[in-house]
Amino acid sequence: AAGVIQSPRHLIKEKRETATLKCYPIPRHDTVYWYQQGPGQDPQFLISFYEKMQSDKGSIPDRFSAQQFSDYHSELNMSSLELGDSALYFCASSSQTGELFFGEGSRLTVL
Amino acid sequence: GEDVEQSLFLSVREGDSSVINCTYTDSSSTYLYWYKQEPGAGLQLLTYIFSNMDMKQDQRLTVLLNKKDKHLSLRIADTQTGDSAIYFCAESMNNAGNMLTFGGGTRLMVKP
């Protein structure tokens, strides 16, 4: 069965650079979520989209933005990167049943 | 997370049962989840339980929910070395049950 696809799997950037992460949800899932998991930490909710509109917002920094496109894929844009942004970024998708399926994550390293 | 708490570490012998505990604070939680994360890997949904249920069993996994005490547990029967991972408890933050607050995770080590 198709799962949530995230790209890239690994990304290395320098401070003050910009990074974009992509997420392709499971087919027919209309809701996408972004989570950030720092080293040794639990995942923290960043933001979610339902039918291309932002539905909920968590602890997402102002330097980050995200959107969901007409094909339901989502992109997380991170600017002015800081060392503390180094983390595993998970995307999850769900349908109306509410069960979340997570992708494998994108590991961002900021040097 | 502060609203969901788990013990940090659990060590068991292969073949024994493992019980991982979780407490949460939000009484309005609709769904409660257990996720497994292996080193460097993503979050794998193991099971979830609706807040109006007391117990759910799925093969080797048994979830018990005590709503009064806001206590959730995951029991793994006949624990195998492949079960070694970090287990996250999560509660939903909205009525749809799909915006999650995670616990800090419990690292399960299974000794042969």
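The values are calculated or read from the model by the stated rules, or taken from the named source; none is laboratory data. Everything numeric in this text was worked out from a predicted model, so none of it was measured. Here Cβ is always computed from backbone atoms with ideal geometry, including for glycine, and neighbour counts include all displayed protein chains.
Laid out as a table, the results:
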quantity: A:Ile47, sole failed condition from (1) more than 12 Å from chain B (Cβ to nearest Cβ); (2) crowded, with 20+ Cβ neighbours inside 10 Å; (3) not small (Gly, Ala, Ser); calculated: (1)
quantity: Selected residue (only one of A:Ser48, A:Ser80 is modelled with pLDDT of 95 or more and either more than 27 Å from B:Ile86 (Cα to Cα) or assigned to a strand (DSSP E or B) (or both)); calculated: A:Ser80
quantity: Within chain B, strands (runs of 3 or more DSSP E) holding 2 or more residues that are within 23 Å of A:Cys91 (Cβ to Cβ) and touching a residue at least 12 places away in the same chain (Cβ under 8 Å); calculated: B:31-37, B:43-50, B:85-92, B:100-102
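Residues checked against (1) away from chain B (no Cβ under 14 Å); (2) more than 17 Å from A:Gln96 (Cα to Cα); (3) outside any strand (DSSP E or B):
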position: A:Thr20; (1), (2), (3): yes, yes, no
position: A:Pro27; (1), (2), (3): yes, no, yes
position: A:Val32; (1), (2), (3): no, no, no
position: A:Tyr35; (1), (2), (3): no, yes, no
position: A:Gln41; (1), (2), (3): no, yes, yes
position: A:Pro61; (1), (2), (3): yes, yes, yes
position: A:Glu75; (1), (2), (3): yes, yes, no
